[in-house]
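This report refers to the structure that appears directly beneath it.
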Amino acid sequence: MGKFQVLDHPLIQHKLTIIRNKDCGTRSFREVVNEISTLMAYEVSRDMPLQDKKIETPVAKMTAKELSGKKVAIVPILRAGIGMVDGILELIPAAKVGHIGMYRDEKTLQPHEYFVKLPSDIDQRQVFVVDPMLATGGSAIMAIDALKKRGASNIKFVCLVSAPEGVKALQEKHPDVDIYTAALDDHLNEDGYIVPGLGDAGDRLFGTK
Ligand code: U5P
């Protein structure tokens with residue numbers, strides 16, 4: 001089973017409270033989502049592989065560490081996932097960014113990809129799939145299906161707020177995927193919103209609705 005980790009660093013918790021508040025406007029919401037994403041990227045990248053590098057300091061020769069060849073791809077789930085990308089790029093500026101957009105047919109409830117554009121070497125990259133909310137898990141599961149179909153195998157899922165229902169569904173469908181979240185909330189309501197959550201992340205990020 002993949003790792004499930006709640007990143008409850010005090011800075012992350014403080015910033016999450018700011019964006020949960022319904023009085024937080026679009027501008028602050030966007031800024032603080034990026035800040036939280038940067039802080040989360042620090043933890044999510046903790047197990048990135050290192051290799052030895054021989055260097056000379058002004059004082060002596062030494063064998064130091066550097067990141068090894070494993071490259072990163074950040075893959076936001078459209079549209080809300082876009083809000084987390086810049087914050088992660090702050091720490092991992094060389095990462096490539098792919099995009100996955102999906103909708104659910106309202107009659108058949110079947111998922112459809114309407115947009116998938118990934119780095120061509122996605123199969124060789126450590127992939128961070130990002131969406132601020134893991135609610136039913138449907139979107140995350142579909143996005144990871146799409147990535148695996150295209151050869152990705154080293155995948156982590158990063159969200160700000162998760163519901164127990166979504167965590168369980170994602171772990172069942174993709175047990176190899178590690179899940180990182182800033183908070184595990186109480187439950188989903190009948191409309192599929194996380195309670196207490198923060199509302200519709202896409203609308204709050206982009207000022208729509
Ligand atoms: N979503 C929200 N807020 C919620 C629940 C879900 O914005 O309280 C968004 C997620 O960001 C996701 C989509 O992109 O709705 C569906 O989530 P899921 O039910 O597929 O996990």
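If the chain between Val59 and Lys168 were fully stretched, how many nm would it gain, using 0.36 nm times the residue separation less the Cα-Cα distance?
34.0 nm
Using 0.36 nm per residue of separation minus the Cα-Cα distance, give me the extension gain between Asp176 and Asp203 in nm, one decimal.
Fully extending the segment from Asp176 to Asp203 adds 6.6 nm.
Pick from Met62, Met142, Met133: which residue has the top mean-square fluctuation in a GNM of the chain where Cα pairs under 10 Å get a spring?
Result: Met62 has the largest fluctuation of those listed.
Rounded, prolate or oblate: which fits segment 56-151, taking a ≥ b ≥ c as square roots of the Cα gyration tensor eigenvalues, rounded meaning a/c under 1.5, else prolate when a/b beats b/c?
prolate
Tally Lys and Arg at +1 and Asp and Glu at -1 over the other residues with C-beta under 11 Å from the C-beta of Gly25: what net charge comes out?
+2
Send over the Kirkwood Rh of the chain, from the inverse of the averaged 1/r over different Cα pairs, rounded to one decimal Å.
The Cα-based Kirkwood calculation yields 17.8 Å.
Taking the beta-carbon count within 10 Å as an exposure proxy, list Ile55, Ile179 from fewest neighbours to most.
Ile55, Ile179
Most mobile of Asn34, Asn154, Asn189 per a Gaussian network model of the chain (Cα springs, under 10 Å)?
Highest fluctuation of the listed residues: Asn189.
Sequence neighbours fewer than 8 away in the same chain don't count; with that in mind, list the aspartates and glutamates whose C-alpha is under 15 Å from Lys3.
Lys3 reaches Glu43, Asp47, Glu172, Asp176, Asp178.
What net charge is computed for the residues neighbouring Ile36, neighbours being all others with C-beta under 14 Å from the C-beta of Ile36, Lys and Arg scored +1, Asp and Glu -1?
That works out to -3.
Cut-off 10 angstrom, C-alpha nodes, Gaussian network model of the chain. Which of Gly101, Gly192, Gly166 fluctuates the most?
Ranking Gly101, Gly192, Gly166 by mean-square fluctuation puts Gly192 first.
For the chain, what is the calculated [θ] at 222 nm in deg cm²/dmol (nearest 500), taking -39500 (n - 2.57) for each run of four or more DSSP H residues and dividing by its residue count?
-10000 deg cm²/dmol
Each value in this text was obtained by applying a stated rule to the coordinates, not by laboratory testing. Bear in mind that the values here come from a model prediction, so they are computed numbers and not experimental data. Don't worry about glycine lacking a Cβ; one is built from the backbone with ideal geometry, like all the others, and counts go over all protein chains shown.
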